[in-house]
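The values are calculated or read from the model by the stated rules, or taken from the named source; none is laboratory data. Predicted model only: the values in this text are computed from it and were never measured. Glycine gets a Cβ as well: all are built from the backbone with ideal geometry, and neighbour counts include every protein chain shown. All accessible areas refer to the heavy atoms of the entire protein, side chains included, with ligands and DNA or RNA removed. Shrake-Rupley method; radii C 1.70, N 1.55, O 1.52, S 1.80 Å.
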Amino acid sequence: RNSNITSTSITFLLTGVPGLEVFHTWISIPFCFLYITALSGNSLILFAIVTQPSLHEPMYYFLSMLSTTDLGLSISTLVTMLGIFWFDAREISFNAFLSQMFSIKLFTVMESSVLLAMTFDRFVAISNPLRYATILTDSRIAQSGVATVIRGTLMLTPMVALLKRLSFCHSHVLHHSYCFHPDVMKLSCTDTRINNAVGLTTMISTVGVDSILILLSYILIIKTVLSITSPEERKKAFSTCISHIGTAAIFYFPLISLSFVHRFGTAPAYVHTMIANTYLLIPPVMNSFIYSVKTKQIHRAMIKILHSKDT
């Protein structure tokens, strides 16, 4: 059993887009554009919320949490992805692999928690507007932010820690441009059933539960909106949810389709990789776009900031 390599001394090789290595420089152009958009868009939203007193409201505090998780998600993959496309820097140590995987998963779970909190915010605003300010106090919002981080950390630590016990004896070539949990388990020659079960349980009890709760909340929100007699008020109430519905759909659809593709898909390798790469970049890019265009207050604040820089 000398061929077994303990996990700590191992170096993995990340893959860019399998079969399309020749085009890596070209493929890097849209990815680079997506990273720049995600980082600048979310930074601008954060800057607007922090500096504009008119945006110091629960809805925007949650939005600032969303932008923070989006920035975290983008930064987690930026180095390895562009490193592969530009410099063919494919090697990654096991510990670096674990920390990148942990941060990607953590920001994914945190984003899911924030989307759930934002649903609650919309639910309270529409169904109980008079008590909105007393229910969603600053301290409660801060607590929910801390809870989001703690929840993600507690849920994900066992999943990542369990990878430490695996040994690898065949290939060390991973099939993604970043550290992907199912990827590393396929390479192990240890029994990974516990890892699979824990991984699946973690994702179901975080992202799975959140998406169901968001759906149920929206059924209640729609019922409340439909009970409003004035068409004008009804339209106004529903328009405050549009951005959030879009954001939730953009986050959950790729996430669910990615897990299906991995479990049941027979598509060529580069299709898997492309879906996986875009899945991590589309939410951060689209969220900054949706909120800066659809939300009038953010839109105004951003224009104000950009104008003040010009003068």
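Go ahead and run the numbers for FRET between Lys296 and Ser257, Cβ-Cβ distance against an R0 of 45 Å, rounding to 0.05. Let's see the in-between values first.
Values: r = 32 Å, r/R0 = 0.71.
So, using R0 = 45 Å, E works out to roughly 0.90.
At full extension, Trp86 and Ala142 could sit 16.2 nm farther apart than now, given 0.36 nm per residue minus the alpha carbon distance.
First compute the accessible area of the chain with a 1.4 Å probe, then give the percent of it belonging to carbon and sulfur atoms. Show your work: numbers first, answer last.
Details: 10820 of 15410 Å².
Reported share for carbon and sulfur atoms: 70 percent.
Cα-Cα over 23 Å: which of Lys105/Lys294; Lys164/Lys186; Lys105/Lys164; Lys223/Lys296; Lys236/Lys296; Lys235/Lys294? Cα-Cα > 23 Å for Lys105/Lys294; Lys223/Lys296; rest within.
Taking 4.7 Å between beta carbons as the limit, the unpaired Cys residues of the chain are Cys32, Cys179, Cys241.
Mind ranking 99-109, 298-308, 207-217 by how tightly packed they are, going by the mean number of other C-beta atoms within 10 angstrom, highest first?
On the way: 99-109: 20.8, 298-308: 14.8, 207-217: 16.5.
The packing order, highest mean first, is 99-109, 207-217, 298-308.
Highest mobility in the GNM of the chain, judged by mean-square fluctuation with C-alpha springs under 10 Å and restricted to Val146, Val114, Val198, is found for Val146.
Restricting to DSSP H runs of at least four residues, report the calculated mean residue ellipticity at 222 nm for the chain, -39500 (n - 2.57) per run over all residues, nearest 500 deg cm²/dmol.
On the way: 11 runs with 231 residues, N = 311.
Per the formula, -25500 deg cm²/dmol.
Taking only protein heavy atoms into account and a 1.4 Å probe, give the accessible area per residue of the chain in Å². Write out the running numbers ahead of the final one.
Working: 15410 Å² over 311 residues.
Heavy-atom accessible area per residue stands at 50 Å².
Between Thr201 and Phe23, the contour length at 0.36 nm per residue exceeds the Cα-Cα span by 60.3 nm. Extending 7 Å from Cα along the Cβ direction at Lys164 and again at Glu232 yields two label points whose distance is 6.3 nm. Between the residues Thr11, Ser113, Ser259, the greatest Cα displacement towards the positive end of the dipole of the chain, with unit charges on the Cβ of Lys, Arg, Asp and Glu, is found for Ser113. Approximating the spin labels as points 7 Å out from Cα along Cα→Cβ, the Ile305-to-Leu220 distance works out to 3.3 nm. Sequence-distant contacts, meaning Cα pairs under 8 Å at least 6 residues apart, place the relative contact order of the chain at 30 percent. Structural descriptor for the range 45-120: relative contact order 38 percent, calculated from alpha carbon pairs under 8 angstrom and at least 6 residues apart. Along the range 109-125 the Karplus relation, 6.51 cos²θ - 1.76 cosθ + 1.60 evaluated at θ = phi - 60°, assigns HN-Hα couplings of 5, 5, 4, 4, 5, 5, 4, 5, 4, 5, 5, 4, 4, 5, 4, 5, 4 Hz to successive residues, with x for each Gly and Pro. In order along the range 209-220, the Karplus-derived 3J(HN,Hα) couplings, from 6.51 cos²θ - 1.76 cosθ + 1.60 at θ = phi - 60°, round to 4, 4, 5, 5, 5, 5, 4, 4, 4, 5, 4, 5 Hz, and Gly and Pro are given as x.
Computed from backbone phi, the HN-Hα couplings of the range 284-301 come to x, 6, 5, 4, 5, 5, 4, 6, 6, 9, 7, 9, 3, 5, 5, 4, 5, 4 Hz, rounded to whole numbers (Karplus: 6.51 cos²θ - 1.76 cosθ + 1.60, θ = phi - 60°; Gly and Pro given as x).
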